[in-house]
Amino acid sequence: LSYCYQLESVTIPSSVKELSQGVFYRNYKLKSITIPEGITTIPIYLLSDCSALVNVALPSTITSIGQEAFRNCTALQSIILPARLESIANGAFSGCSAMTSVYSLNASAPAVTESSWSGVTANATLYVPSDEAVTVYETASYWGNFKSIEVMGEGFRTAHLTRLADGFLQ
């Protein structure tokens, strides 16, 4: 499905249990993707260079995001990272120049590298679940590079739970 220049939206069926690396690579018109529960890994280059991508619904089951998985998704303004996320590889979000908000539902800081958020952190705010998590992220390697780290407001939690109930985000 890489280089499918007319593809604008994808909802991966729940029967899919694993994604191949680079499967949506350089789908320049892809704006939205929903990944089902059960998927645990976002493979390398999954959505690299999908420059129109604005909406990504990650399932709660994601534990790792592969190398350059979202590289140069230049329209992506925000991402919600699941509570089970353990690691984000090199360059996973590098070049996501429109990114202004990152929401981590994990109270512990996932492992990242210096280049995981290259070109993002100076302009983006990281939102975390609690005051304690703010301290954890501020002292964790490379997470402290975000413009600011703040506790997510109750409004976000309510909206997130509503979307979960609607099946939009997992």
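Checking the structure you have, find out if any residue of the range 105-121 is farther than 13 Å from Val56 by Cβ, assigned to a strand (DSSP E or B), open to solvent by less than 20 Å² (accessible area, probe 1.4 Å) and touching a strand residue (DSSP E or B) at 6+ places or on another chain (Cβ under 7 Å). Scanning the range 105-121, I find no residue that is farther than 13 Å from Val56 by Cβ, assigned to a strand (DSSP E or B), open to solvent by less than 20 Å² (accessible area, probe 1.4 Å) and touching a strand residue (DSSP E or B) at 6+ places or on another chain (Cβ under 7 Å), so the answer is no.
Any residue that is open to solvent by less than 80 Å² (accessible area, probe 1.4 Å), closer than 21 Å to Gln67 by Cα and not in a loop (DSSP other than H, G, I, E, B) - is there at least one of those in the range 36-53? Yes; the residues of the range 36-53 include at least one that is open to solvent by less than 80 Å² (accessible area, probe 1.4 Å), closer than 21 Å to Gln67 by Cα and not in a loop (DSSP other than H, G, I, E, B).
Under the condition of being open to solvent by less than 40 Å² (accessible area, probe 1.4 Å) and over 10 Å from the mean Cα position of the chain (by Cα), the residues counted in the range 88-101 number 8.
The values are calculated or read from the model by the stated rules, or taken from the named source; none is laboratory data. This structure is a prediction, so every number in the text was calculated from the model and none was measured. All Cβ positions, glycine included, derive from the backbone under ideal geometry; neighbour counts span all protein chains shown. We work out accessible area using only protein heavy atoms, side chains counted, and drop any ligands, DNA or RNA first. Shrake-Rupley method; radii C 1.70, N 1.55, O 1.52, S 1.80 Å.
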